[in-house]
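This report refers to the structure that appears directly beneath it.
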Amino acid sequence: MSKLQPARGTRDIYGEESRNMTAVVDTFKRVATSYGFEELSTPIFEFTEVYKRPLGETSDIVSKEMYTFDSHAGDAKESEELTLRPEFTAGICRSFISNGMQQNLPCRFMSSGPAFRRERPQRGRYRQFHQINAELLGQAGAEADVDIIAMAWRILKDLGLGDKVILHLNSLGDLESRAAYRTALVAYFEKHKASLSKDSLRRLGGNPLRILDSKDEGDAKIVANAPLMSGSMNETSRAFFETVKNGLDELSVPYVLDERLVRGMDYYCHTAFEFVTTELGAQGTVLAGGRYDGLIEQLGGPPTAGVGWAGGIERLAMLSEMGSVPARPIVIMPMGEAATLKAFSVAETIRGAGHPVTADRSGNLKKRLTRASKANARFAVVIGDDELETGAAALKDLDSGEQQNVPFSDLAATVSLAYGDIA
Ligand code: ATP
Ligand code: MG
């Protein structure tokens, strides 16, 4: 192990990738705001129970991916089991309960930040990754599912991904339908027990739906012939799903029905969806979510409907590459002590007009100009003894090579004109 490397599955994020990720978050916040969402930031760790109960012991996350630790500070009484956030929904529902927010329903929450899962690192799959997350609480009607999917679609389109992703849609039905489906699945998988993977055998007793989500190749062959959810759907569940589909049709959101789509966590009902791309290999799901009406009650809160989704920022950023190119800086070059002092305030004035200014205070002028060109600077502002005396800097256009003397007080306006952003 080299201490100079980041820990396995974690990465330093900078440069173009960082700009691309920022563009994803900015787009998310702008669009979600237009849908009436407000920001909610929950802690990055919670009591382990917050995740364990709703996600379910047999989920991939709880059974093997959580970073759980004991917080004891040498005092047994203070010992508590904590877990780094593996996903947002459970913590947000915990926060909703803790803060008595049921008085203010419906609630629309947007969040973003890191999440942690102990997975085998690959391109697009990390142990510390980042999500954008949206939750809509307190609306039981299927129209809310349409709203939140429409919002995801708008974000994806604004990120330039309209042609790169496709919405996969399914319904897991209500409690009654799920119970009927569960029975049908257990009967089917019992017949194929001998060929199921160890993980899936474990799921058979707990949550057989999750076998449909298995990434094991052997399981996939058995899953291919498993009964479909649609065979177990009652009238209520069918009507709910129809409303979702009609809404998406009205909005011209393209989708494919995918009866094999189940979500990895226990708390989902009715709508389940994933936006998928073919461009990122096995890491093709960029944004996924669904309805989770029972979750808040399960955590000890009042029965509250909920629907939401999470998007992987790294995967979205890789696909969209929408990060803005950084504005070209202006480099201020004071020659000598008196000029160095004056340069502080001259730089501040130009920054005040909204332009990035850096200072280069070492080496001869030729060296500084070379460095500035390498840094893709647009202008050099040279201040020496002569300039101090006349009260005008030498402004050098690094693209054309032209140079003019500009009074200190006019510098900001002159470079603004050149950047083309004032009339
Ligand atoms: P997968 O099937 O790829 O493991 P998941 O079903 O576990 O995904 P969710 O829990 O639905 O993923 O998380 C929502 C989104 O967060 C995913 O669609 C993906 O874009 C992103 N995501 C999940 N896990 C990771 C990870 N380890 N690294 C990077 N992004 C991730
Ligand atoms: Mg996963």
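Out of GLY311, GLY290, GLY294, one residue alone is crowded, with 23+ Cβ neighbours inside 10 Å and farther than 22 Å from GLU16 by Cα. It is GLY290. Being more than 10 Å from ligand 1 (Cβ to nearest atom) and modelled with pLDDT of 95 or more is a condition met by at least one residue of the stretch 256-264.
Entry remark, the stretch 325-342: residues being buried (at least 19 other Cβ atoms within 10 Å of the Cβ) and closer than 16 Å to VAL415 by Cα number 4 in total.
Residues of the stretch 237-260 that are under 21 Å from ASP163 (Cα atoms) and either open to solvent by less than 20 Å² (accessible area, probe 1.4 Å) or not assigned by TED's automatic domain parsing to the domain that holds ALA150 (or both): GLY247, LEU248, VAL253. Filtered by the rule that a residue be farther than 23 Å from THR271 by Cβ and touching a helix residue (DSSP H, G or I) at 6+ places or on another chain (Cβ under 7 Å), the stretch 175-192 gives VAL186, PHE189, HIS192. If the condition is being of a type in the set (Val, Ile, Thr), touching a His at 6+ places or on another chain (Cβ under 9 Å) and in a helix (DSSP H, G or I), then the stretch 237-256 contributes only VAL244. Here ARG123 fulfils each of the conditions (1) charged (D, E, K, R); (2) at pLDDT 95 or above; (3) more than 12 Å from ligand 2 (Cβ to nearest atom) apart from (2). None of ILE97, ILE61 is more than 13 Å from ligand 1 (Cβ to nearest atom), open to solvent by less than 80 Å² (accessible area, probe 1.4 Å) and under 28 Å from GLN298 (Cβ atoms) except ILE97.
Which residues, counting only those in the stretch 1-40, are open to solvent by 70 Å² or more (accessible area, probe 1.4 Å), over 30 Å from CYS107 (Cβ atoms) and among the charged types (D, E, K, R)? Selection gives LYS3, ARG8, ARG11, ASP12, GLU16, ARG19.
Within the stretch 262-294, the set of residues being within 14 Å of ligand 2 (Cβ to nearest atom) and closer than 20 Å to GLY231 by Cα comprises VAL262, ARG263.
Identify all residues within the stretch 235-253 that are of a type in the set (Ser, Thr, Tyr) and either closer than 15 Å to LEU172 by Cβ or in contact with a Gly (Cβ under 8 Å, 6 or more places away or on another chain) (or both); write none if there are none. Within the stretch 235-253, THR236, SER237, THR243 meet the criteria. Filtering the stretch 141-199 to residues that are of a type in the set (Lys, Arg) and under 21 Å from ASP249 (Cβ atoms) leaves ARG154, LYS157. Only one of the numbered conditions (1) within 13 Å of ligand 1 (Cβ to nearest atom); (2) farther than 26 Å from LEU161 by Cα; (3) touching a strand residue (DSSP E or B) at 6+ places or on another chain (Cβ under 9 Å) is not met by THR277, and that is (2). Looking only at the stretch 103-120, which residues are modelled with pLDDT of 95 or more, polar (S, T, N, Q) and open to solvent by 10 Å² or more (accessible area, probe 1.4 Å)? SER112 - this is the single residue of the stretch 103-120 that is modelled with pLDDT of 95 or more, polar (S, T, N, Q) and open to solvent by 10 Å² or more (accessible area, probe 1.4 Å). Restricted to the stretch 121-236, the set of helices (runs of 4 or more DSSP H) holding at least 2 residues that are among the β-branched types (Val, Ile, Thr) and surrounded by fewer than 18 Cβ atoms within 10 Å (Cβ to Cβ) comprises 175-191. Looking only at the stretch 376-408, count how many residues are exposed (fewer than 14 other Cβ atoms within 10 Å of the Cβ) and touching a residue at least 24 places away in the same chain (Cβ under 8 Å). Final tally of qualifying residues: 2.
Tell me, please, whether a residue that is in contact with a helix residue (DSSP H, G or I) (Cβ under 9 Å, 6 or more places away or on another chain), open to solvent by less than 60 Å² (accessible area, probe 1.4 Å) and assigned to a helix (DSSP H, G or I) can be found in the stretch 351-369. No: the stretch 351-369 contains no residue that is in contact with a helix residue (DSSP H, G or I) (Cβ under 9 Å, 6 or more places away or on another chain), open to solvent by less than 60 Å² (accessible area, probe 1.4 Å) and assigned to a helix (DSSP H, G or I).
The values are calculated or read from the model by the stated rules, or taken from the named source; none is laboratory data. Please read all numbers here as calculations on a predicted model, not as lab measurements. Cβ: placed from backbone, ideal geometry, glycine included. Neighbour counts: every protein chain shown. Note: areas computed on protein heavy atoms with side chains; ligands, DNA, RNA excluded. Shrake-Rupley method; radii C 1.70, N 1.55, O 1.52, S 1.80 Å.
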